[in-house]
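This report refers to the structure that appears directly beneath it.
The values are calculated or read from the model by the stated rules, or taken from the named source; none is laboratory data. Given the structure is predicted, the values throughout are model-derived calculations rather than measurements. All Cβ positions, glycine included, derive from the backbone under ideal geometry; neighbour counts span all protein chains shown. Keep in mind that these areas ignore ligands, DNA and RNA; they rest on the heavy atoms of the full protein, side chains included. Shrake-Rupley method; radii C 1.70, N 1.55, O 1.52, S 1.80 Å.
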Amino acid sequence: MKILRTPKELQEYRKSLSGSVGFVPTMGALHKGHLSLIEKSVAQNEHTIVSIFVNPTQFLPGEDFEKYPRRYEADKKICKLAGVDALFMPEASAMYEKDEVLIKAPRQKGYVLEGHFRPGHFDGVLQVVNKLLHLANPHRAYFGKKDAQQLFLIQKMVKEFFMDTQIVPCEIVRDDDGLALSSRNLYLSPEERQKALAIPRALKRGVKLIQQGEFKTKTIRNEMLKVLSDIKVEYVEIVNKNFDSIDTVEIGNTILLIAAYVGNTRLIDNVWV
């Protein structure tokens, strides 16, 4: 497995490859969720490139950029064992200039839900993903459904910028207790983790109501909020796959989303129905 440190090294490596290339962009602290993306890329492509880069531009002031978990040696071992061909690990100074050409998230869909509570976050996400996709120039790039709005906006950017990469959505991976895997789960104390289980329970409650024939999103949302009464909820929303608010569930075109704080840790989760 090659370790690449600069954009130029990645570009030169990419030029040397023939056959299909899969790309998995991450911020490191890899877990089984990341591993599922990597394994899918390895299975579907002749070459797999993974990036590990804690991207400063997507963190707002006061967020956890400085304390975001960094486990580079463990991450290298995980990637090597998973069959990754190259690992791109740049410094921020190699990725950004002082006076950058900027990409902006769309004014509507980029400023609802996550974009509303973290204004400017998606500007940074799209900026770095745009750079990474141009550097890796992959046939396929793999993103998890847990960051559902991020996935939607990246698909939108790739389509509208006429980029020749297929974005492959990957299913959420959960721990045995039902909590969606996240690098930020490392912040949770044992007591906080127990409280956090209200998030998947609330999603299950929403799905069960739909299965029982309840399609009014207001009713479903209110029932989900009852399950979340012991934690600080930022939002519970039900939208279609274009992130439009809906009054009635549309089977096959609906996402139930939650963002909440457990202690000082912000967690997000969702389910697609």
Q: Kindly indicate which of Lys98, Lys159, Lys109 is touching a Phe, Trp or Tyr at 6+ places or on another chain (Cβ under 8 Å), surrounded by fewer than 19 Cβ atoms within 10 Å (Cβ to Cβ), of a type in the set (D, E, K, R) and more than 20 Å from Gly28 (Cα to Cα).
A: Lys109
**Q.** Residue check, Gly213 over 23 Å from the mean Cα position of the chain (by Cα) and of a type in the set (Gly, Ala, Ser)
**A.** yes
**Q.** Subset of the range 50-82 [within 24 Å of Lys40 (Cα to Cα) and among the basic types (Lys, Arg)]
**A.** Arg70, Arg71, Lys76, Lys77, Lys80
Q: Kindly list, by first and then second residue, each pair from a residue in the range 85-109 that is more than 15 Å from Lys131 (Cα to Cα) to a residue that is open to solvent by 40 Å² or more (accessible area, probe 1.4 Å) and among the aliphatic types (A, V, I, L, M), limited to pairs with Cβ atoms under 9 Å and residues at least 6 apart or on different chains.
A: Asp85/Met1; Asp85/Val42; Ala86/Met1; Ala86/Ile3; Leu87/Met1; Leu87/Ile3
Q.
Looking only at the range 33-68, count every residue that is in a strand (DSSP E or B) and touching a residue at least 40 places away in the same chain (Cβ under 8 Å) and tell me the total.
A. 2
(Q) Scan the range 208-229 and tell me whether some residue there is open to solvent by less than 60 Å² (accessible area, probe 1.4 Å), within 23 Å of Gly62 (Cβ to Cβ) and either in contact with a Phe, Trp or Tyr (Cβ under 6 Å, 6 or more places away or on another chain) or among the hydroxyl-bearing types (Ser, Thr, Tyr) (or both). (A) no
Q. Can you find a residue in the range 174-191 that is loosely packed, with under 12 Cβ neighbours inside 10 Å, closer than 25 Å to His31 by Cβ and touching a residue at least 24 places away in the same chain (Cβ under 8 Å)?
A. yes
Q: Go over the candidates Lys15, Lys2 one by one and state the one that is free of Cβ contacts under 8 Å to residues at least 60 places away in the same chain and either of a type outside the set (Gly, Ala, Ser) or exposed (fewer than 15 other Cβ atoms within 10 Å of the Cβ) (or both).
A: Lys15
Q. Within the range 21-40, is even one residue modelled with pLDDT of 95 or more, under 25 Å from Leu181 (Cβ atoms) and of a type in the set (Ser, Thr, Tyr)?
A. yes
Q: Mind listing just one residue for me: the one in the range 246-273 that is in a strand (DSSP E or B) and without any contact (Cβ under 8 Å) to a residue 60 or more places away in the chain and, of those, surrounded by the fewest Cβ atoms within 10 Å (Cβ to Cβ)?
A: Thr248
Q: Could you check how many residues of the range 69-83 are touching a residue at least 40 places away in the same chain (Cβ under 8 Å) and not in a loop (DSSP other than H, G, I, E, B)?
A: 8
Q.
Name the residue that is farthest from Arg107 (Cα to Cα), counting only residues in the range 234-244 that are in contact with a helix residue (DSSP H, G or I) (Cβ under 8 Å, 6 or more places away or on another chain) and open to solvent by 50 Å² or more (accessible area, probe 1.4 Å).
A. Glu237
Q: Say whether the condition of being modelled with pLDDT of 95 or more, of a type in the set (Val, Ile, Thr) and either more than 20 Å from the chain's Cα centre (by Cα) or over 26 Å from Gly28 (Cα atoms) (or both) is met by at least one residue in the range 192-206.
A: no
Q. When the range 135-155 is examined, which residues are found to be part of a helix (DSSP H, G or I) and either in contact with a helix residue (DSSP H, G or I) (Cβ under 9 Å, 6 or more places away or on another chain) or open to solvent by less than 10 Å² (accessible area, probe 1.4 Å) (or both)?
A. Leu135, Ala136, Ala148, Gln149, Gln150, Leu151, Leu153, Ile154
